[in-house]
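A.B. asks: Got a structure for you, questions after.
The values are calculated or read from the model by the stated rules, or taken from the named source; none is laboratory data. What you are looking at is a predicted structure, and each value in this text was computed from that prediction instead of being measured. Reconstructed Cβ throughout: ideal geometry from the backbone, glycine too, with neighbour counts over all protein chains shown.
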Amino acid sequence: MSSLQIHLLGTVEVQRGDKRLTLPGRKTQALLVYLVAQNGPHPRRKLYDLFCANAEDPAAALRWHLSRLRRTLGPEFILAEEDRVRFNPLAGEIDCIEFERVLDTNLLGQKTETLAAALDLYQGELAAGLGYADSTEFELWLLTERTHLHAHYERGLQELIARLIVLGSYESAIQRSRQLVQANPLLEQAHAHLIWLYARTGQIQAALGQFETCREILKRELAVEPTTSLSALYEDVRTGKLSPTFPVAIPLTPQTPDLRQAINLVGRAVELEQISRQWQEACRGRGNVILVQAEAGGGKTYLIHEFARHISGAQLVWGSCYESTRSLPYHPWIELLETRLSELSDEAIHGLSPFCLQQLHRLVPSLAGRLGLKSAALLPPGSDETERLFTAIHEFLFRPAEARPGLIFIDDLQWADQASLQLFHFLARRIPDASALLIGAYRTEEVDAASALQTVLADLGRLHPHELALPPLTQAAISDLIERHWSDLPFADAGSVSQILARATGGNPLFITEVLRELSHMATLPEVLPVPKTVQDLIGRRLRLLPERTRQVIEAIAVFNAPITVSQAQKISARAEAEITEAVDLSLRARLLLLQANARPIRYDFSHDLVRVAVLNQMTAVRRRSLHRRVVAMLIQTSGNMDRTERGELASRIMQHALEGEDYGTVLHWASLAGEHAEQLCAYTDALSAFTAAASALTQLRSEGAMEPGKATLLELELLLERIRMLYRLGRRAEEAVLLEQAAAIVEHHRNAFLEAMFHLRQAAYLNSISQFTAGFETAQRAYESFGQLGDEQHAAEALEMASGARQSMGNVSAARQLMEQANALYRAAGDLRSENRTRVDLAWCLIELFDVGEALKHLTHALEFAEREEDKLAFAYASFVMATGWNLYCHAPMIRAYAQAAGRLYQELGMGAWEARACMYLAARYLYENDLVTARSVGEQAFAKAQTTGDHWVEGWSAHMLARLALHEREIGRAEQWLNHAFELRRAHGEMQNQIIDLAWMGRLCLGQGQNEQALASTAEAVKRLNAIQAETQIWQAYDILMCHAEALTASGNSTEAGIYLQGAYDSLMQFAGRISDPQVKQNFLEFVLNARILAAHASGEIKTFPE
């Protein structure tokens, strides 16, 4: 198969070698773009709808387009699989896929060269110049993809510029900053980069000019001034006080005067484009009617105003209907006409026809005054004079003397009086021959209550108006909004917040903006989003329009807090079936509820979460409590015929409703099952919540005297131990320590052999996690003996695991392996396959530390396969992490990256932030092996910071050691000393014998760098001494490098003979380990790592050089 080069970023081009292929027509090109960019199989039905919907035989039309592609590209590139079609991913090089592969990730994980190369692929928007007007859905997809890729381009440029500034590559940074300004002229950060870079390179006038350019753009486009931070940078440049480092405090996005309105600039590009097309037709004398519909807050009003703001040379007039004026005839038209007439001079008014003036002054009293006439009475709807009035208004608005095209907008038609609607219909019938657009907007949820509007809409339908139904904002659009205008939210990234907002608001623009306004004042993201007053008022209005019995049903549905059937709603609300049916019907019309038609039985849910919360907010506490108890009774009744797994799924809901209903006995009864089910799903935060809720319920029952004190105390201890276990999983050490103290106080005064043994088991786990390994081993042994006396082999095995982990960290890996093998055998005998698999991973880690990496990788492969089959995410994450550890010994960067990233993603998904630091540390090691020292340092510092935050001393020590190596490589002796001392003291405090040896060896290198040869020799000699002392119990990572450190110190001290002996020892140790690597390529890669290559070079030449050379 000959390779293709497909370029979609910019003009679509396809090349085979040096030959550019001629592509078929626009539709076929559009099909190619879609198949390539949307990598994966596509149902033929979907492709029919996108590209062949108007064909007599869509299937035949699609086959014809696919055959054209096969003839042009080759038959092997378009693959058909039953009812699906896909582009062959092995076809060759595809620029947009490579671009997104690099940029749709954590950019810290990309090398600078890779990032720059990916950005250079962006030669313009996706499929520039390509459009397919016959398919709105395709154009919407194309627009979305273009926006998505452009956002990646901007984000990638910002990251690359920041790196180039750190590296001092100012000319390259200037070039990239210009690209960023061109890509987004409104981005102040881009201008700030250019200003600073120009000034830093002595181009002061260019820097000052760039500020003025930025100011002009912001004033012209957004009517705002530059931020104070950017202005301060300008002053620093002007006065010669430029900081030597870039001022990162400058905001990424321009400030806007009214964010409530700016919302509609996001996610409305397709609608603006459709209105623009209609406007262009109107300018050519082919007028039309546009009807815009959306729910309240959907952005219909500002959409039209925003469009009007961007067009010039037009006659713009609009009027608004209000609920309070719906009984006033012609109110929006009077408002519109008064505005337009006030813009005309007396001369222009007297130039109107007598007929027009005679009729208009009936509606506009101010006109009568200007004409010197008495005011006339308004005409009632249906009068014989009505058509004369309508004709005069038509003449005035569309008069031939008015050369400019017109845009007439009537807002909130749901509140329009009958006469105003009749006038709208009259003008709509006559607009096709006018150079004008007539636009009407209305709220979808209030159409059913507006019979006059329904009639007019039906009549307008025969005129074929252009109808725009504004959809909710997508999650991508919400993310874009946050990144543009709310990038300083203190608690989360745009992606996570946008997901929550999309679910909570249903994509309603007003709701989103108001919630974001509330969130911007909060330090953390609340569990339940606030309902702003504007939103509460809008939803309250919808509720007040409904009968009382309907509101009661809606309240029951709000308390249930899940999609609900009619039968369930009837049981909770205690209303008749007919009343439920009526309530659901009215709620659907009011857009309070949505139908889930695909569910069986059919269910109903709120249109968005804020509606549910707003309903709850207007209920009394007594009413809520009563309904929660009804929900509990219904759910418990439902659970009677379920198996244990199904009951586990229901348990947490029963608990939550019981807690809200203050039914504390039920909370305690279901807590164990709810926690067990959550733990099986690796949802440790949910399990913790279940046990915490049970503890709160127990406190309430105690205060009411509803439990016997001794029984309550033991139950309190059980719940404490369960919470401690979950906190251990989640790495929340500070909270774990507090609960352990509480549990210790109970154990001291209330004897229970099993619970006491469980307490020591949890205590051992905690002690190991904070690197108190001696105490952890002794406590684990105590727990093991207690469980042995109780005959509890499964918990005894867990205690052996803890003891083994402590022994391993203390340096006695052989003993640790024996203990882990015992634990593995106990789990196997008990039939606990998951725990057996976990100890298989622990045994693999022991093998790694004994340098039997090949055997360890086999164990880990089996462990990963088992974890995947069992859908055990925690086990998969742990095995992936240990896999990264094994490949780290081979210095194999690609495999380290693959497994560390997999582990990191899963730990993040499971909410186990403490373990993310371990994955991060190995990602830093990967960059070290690739000799990307800048990125290695950046990621290493992240790992160090995360480890300090979570209290992971093992990662903290290794990250500090790695950062010391990097600093020494760059000859930053002072920083290297700080990092290395930190690592050594930390490891000494926690008894990590092997790691202290490695630190001592590198301290010798540090001393050589400081010219302290005697101290260097003492340090490396101590490292070798300790190495020889523990080699019988364990192997030391990079023992060959430790020997090389000593050889370097001996050489510097003038003892070349003994140095040669240690060099030979280093060489023999290195080659012995390399000999265990079966894959030749992996072995070669291992020997080429810089520290290993130094040993080989020194052995070959007989010349020992100090590090760094």
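A.B. asks: Can you go through Lys571, Lys533 and tell me which one is in contact (Cβ under 8 Å) with a residue 40 or more places away in the chain and on the phi < 0 side of the Ramachandran plot? Steps first, please.
C.D. replies: Values: Lys533 fails: in contact (Cβ under 8 Å) with a residue 40 or more places away in the chain.
Result of the check over Lys571, Lys533: Lys571.
A.B. asks: Cβ-Cβ below 6 Å, separation at least six or inter-chain, first residue in the range 1084-1109 and surrounded by 14 or more Cβ atoms within 10 Å (Cβ to Cβ), second polar (S, T, N, Q): which pairs?
C.D. replies: Pairs that qualify, where the first residue is surrounded by 14 or more Cβ atoms within 10 Å (Cβ to Cβ) and the partner is polar (S, T, N, Q), are Ile1104/Thr1051.
A.B. asks: Would you be able to tell me the number of residues in the range 95-115 that are touching a residue at least 60 places away in the same chain (Cβ under 8 Å) and assigned to a helix (DSSP H, G or I)?
C.D. replies: Selection size over the range 95-115: 7.
A.B. asks: Hey, another quick one. Evaluate the range 32-52: report whether one residue or more is at pLDDT below 80, of a type in the set (Ser, Thr, Tyr) and surrounded by 14 or more Cβ atoms within 10 Å (Cβ to Cβ).
C.D. replies: yes
A.B. asks: Taking the conditions exactly as written (free of Cβ contacts under 8 Å to residues at least 12 places away in the same chain and either in a helix (DSSP H, G or I) or buried (at least 19 other Cβ atoms within 10 Å of the Cβ) (or both)), does Gln656 satisfy them or not? Write out each step before concluding.
C.D. replies: Values: free of Cβ contacts under 8 Å to residues at least 12 places away in the same chain: no; either in a helix (DSSP H, G or I) or buried (at least 19 other Cβ atoms within 10 Å of the Cβ) (or both): yes.
Here the answer is no, as Gln656 does not meet what is asked.
A.B. asks: Wholly within the range 282-374, which helices (runs of 4 or more DSSP H) include no fewer than the required count, namely at least 1 residues that are under 20 Å from Gly440 (Cβ atoms)?
C.D. replies: On the way: elements: 300-309, 331-342, 346-350, 354-363, 365-371.
Hits in the range 282-374: 300-309, 331-342, 354-363.
A.B. asks: State the number of residues belonging to the range 950-981 that are surrounded by fewer than 19 Cβ atoms within 10 Å (Cβ to Cβ), farther than 14 Å from Leu1008 by Cα and modelled with pLDDT of 90 or more.
C.D. replies: 3
A.B. asks: OK, next. In this structure, does Ile572 turn out to be within 21 Å of Asp605 (Cβ to Cβ), more than 19 Å from the chain's Cα centre (by Cα), assigned to a helix (DSSP H, G or I) and among the β-branched types (Val, Ile, Thr)? Break it down into steps so the answer makes sense when it comes.
C.D. replies: Details: within 21 Å of Asp605 (Cβ to Cβ): yes; more than 19 Å from the chain's Cα centre (by Cα): yes; assigned to a helix (DSSP H, G or I): yes; among the β-branched types (Val, Ile, Thr): yes.
In short, yes.
A.B. asks: Something else about it: Would you call Ile408 over 27 Å from Arg589 (Cα atoms), touching a residue at least 60 places away in the same chain (Cβ under 8 Å) and assigned to a strand (DSSP E or B)?
C.D. replies: Values: over 27 Å from Arg589 (Cα atoms): yes; touching a residue at least 60 places away in the same chain (Cβ under 8 Å): yes; assigned to a strand (DSSP E or B): yes.
Yes: the conditions hold for Ile408.
A.B. asks: Is it fair to say Leu336 is in contact (Cβ under 8 Å) with a residue 60 or more places away in the chain and more than 23 Å from Pro405 (Cα to Cα)? Steps first, answer last, please.
C.D. replies: Values: in contact (Cβ under 8 Å) with a residue 60 or more places away in the chain: yes; more than 23 Å from Pro405 (Cα to Cα): no.
Criteria not met by Leu336.
A.B. asks: Being part of a helix (DSSP H, G or I), of a type in the set (A, V, I, L, M, F, W, C), assigned by TED's automatic domain parsing to the domain that holds Met1044 and within 42 Å of the chain's Cα centre (by Cα): is that true of Trp979 here? I'd like the intermediate steps shown before the answer.
C.D. replies: Numbers: part of a helix (DSSP H, G or I): yes; of a type in the set (A, V, I, L, M, F, W, C): yes; assigned by TED's automatic domain parsing to the domain that holds Met1044: no; within 42 Å of the chain's Cα centre (by Cα): yes.
It is false that Trp979 is part of a helix (DSSP H, G or I), of a type in the set (A, V, I, L, M, F, W, C), assigned by TED's automatic domain parsing to the domain that holds Met1044 and within 42 Å of the chain's Cα centre (by Cα).
A.B. asks: Considering (1) at pLDDT 90 or above; (2) more than 33 Å from the chain's Cα centre (by Cα); (3) farther than 15 Å from Leu714 by Cα; (4) not β-branched (Val, Ile, Thr), say which one Ser771 fails and leave the rest.
C.D. replies: (1)
A.B. asks: With the requirement that a residue be surrounded by fewer than 19 Cβ atoms within 10 Å (Cβ to Cβ) and not in a helix (DSSP H, G or I), what does the range 1015-1034 give you?
C.D. replies: Passing the criteria: Gln1031, Ala1032, Glu1033.
A.B. asks: In this structure, does Leu850 turn out to be touching a residue at least 12 places away in the same chain (Cβ under 8 Å), among the hydrophobic types (A, V, I, L, M, F, W, C) and buried (at least 23 other Cβ atoms within 10 Å of the Cβ)?
C.D. replies: Numbers: touching a residue at least 12 places away in the same chain (Cβ under 8 Å): yes; among the hydrophobic types (A, V, I, L, M, F, W, C): yes; buried (at least 23 other Cβ atoms within 10 Å of the Cβ): no.
When the stated conditions are applied, Leu850 does not pass them.
A.B. asks: Cβ contacts < 6 Å: first residue more than 21 Å from Ser626 (Cβ to Cβ) and modelled with pLDDT under 95, restricted to the range 659-683; second residue among the acidic types (Asp, Glu) and assigned to a helix (DSSP H, G or I), any location; separation 6+ or different chain. Result?
C.D. replies: Listed by first residue and then by second, the contacts come to Ala678/Asp686.
A.B. asks: Sticking with this one: Select the helices (runs of 4 or more DSSP H) contained entirely in the range 1054-1108, then report the ones holding at least 3 residues which are closer than 16 Å to Trp887 by Cβ. Write out each step before concluding.
C.D. replies: Working: elements: 1056-1074, 1080-1088, 1090-1101.
Passing ranges, in order: 1080-1088.
A.B. asks: Determine whether the range 326-333 contains at least one residue that is among the small types (Gly, Ala, Ser), farther than 12 Å from Ser420 by Cα and either assigned by TED's automatic domain parsing to the domain that holds Thr386 or surrounded by fewer than 16 Cβ atoms within 10 Å (Cβ to Cβ) (or both). If you could, list the steps in order and put the result at the bottom.
C.D. replies: First, the residues of the range 326-333 that are among the small types (Gly, Ala, Ser): 327.
Still in the running and farther than 12 Å from Ser420 by Cα: none.
There is no residue in the range 326-333 that is among the small types (Gly, Ala, Ser), farther than 12 Å from Ser420 by Cα and either assigned by TED's automatic domain parsing to the domain that holds Thr386 or surrounded by fewer than 16 Cβ atoms within 10 Å (Cβ to Cβ) (or both).
A.B. asks: Looking only at the range 338-372, how many residues end up being loosely packed, with under 15 Cβ neighbours inside 10 Å and touching a Ser or Thr at 6+ places or on another chain (Cβ under 7 Å)?
C.D. replies: Of the residues in the range 338-372, 1 are loosely packed, with under 15 Cβ neighbours inside 10 Å and touching a Ser or Thr at 6+ places or on another chain (Cβ under 7 Å).
A.B. asks: Ok, one more. Being within 22 Å of Thr444 (Cα to Cα) and without any contact (Cβ under 8 Å) to a residue 12 or more places away in the chain is true for just one of Ala597, Ala583, Ala578, Ala590. Which residue is that? Full working, then the answer.
C.D. replies: Values: Ala583 fails: without any contact (Cβ under 8 Å) to a residue 12 or more places away in the chain; Ala578 fails: within 22 Å of Thr444 (Cα to Cα); Ala590 fails: without any contact (Cβ under 8 Å) to a residue 12 or more places away in the chain.
None of the other options fit; the residue is Ala597.
A.B. asks: Could you run through the range 909-932 and say how many residues are aliphatic (A, V, I, L, M), out of contact with any Cys (no Cβ under 6 Å at 6 or more places or on another chain) and in a loop (DSSP other than H, G, I, E, B)? Don't jump to the end; show me each part of the working.
C.D. replies: Just the residues of the range 909-932 that are aliphatic (A, V, I, L, M), to begin with: 910, 912, 914, 917, 919, 921, 923-925, 928.
Still in the running and out of contact with any Cys (no Cβ under 6 Å at 6 or more places or on another chain): 912, 914, 917, 919, 921, 923-925, 928.
Restricting the remaining residues to those that are in a loop (DSSP other than H, G, I, E, B) gives 912.
Adding up the residues that qualify gives 1.
A.B. asks: Any chance the range 136-148 includes a residue that's of a type outside the set (Gly, Ala, Ser), modelled with pLDDT of 80 or more and either over 26 Å from the mean Cα position of the chain (by Cα) or farther than 26 Å from Gln278 by Cβ (or both)?
C.D. replies: no
A.B. asks: Next question, about the same structure. Can you tell me which of (1) within 23 Å of Leu546 (Cβ to Cβ); (2) surrounded by 19 or more Cβ atoms within 10 Å (Cβ to Cβ) is the one Gln618 doesn't meet?
C.D. replies: (2)
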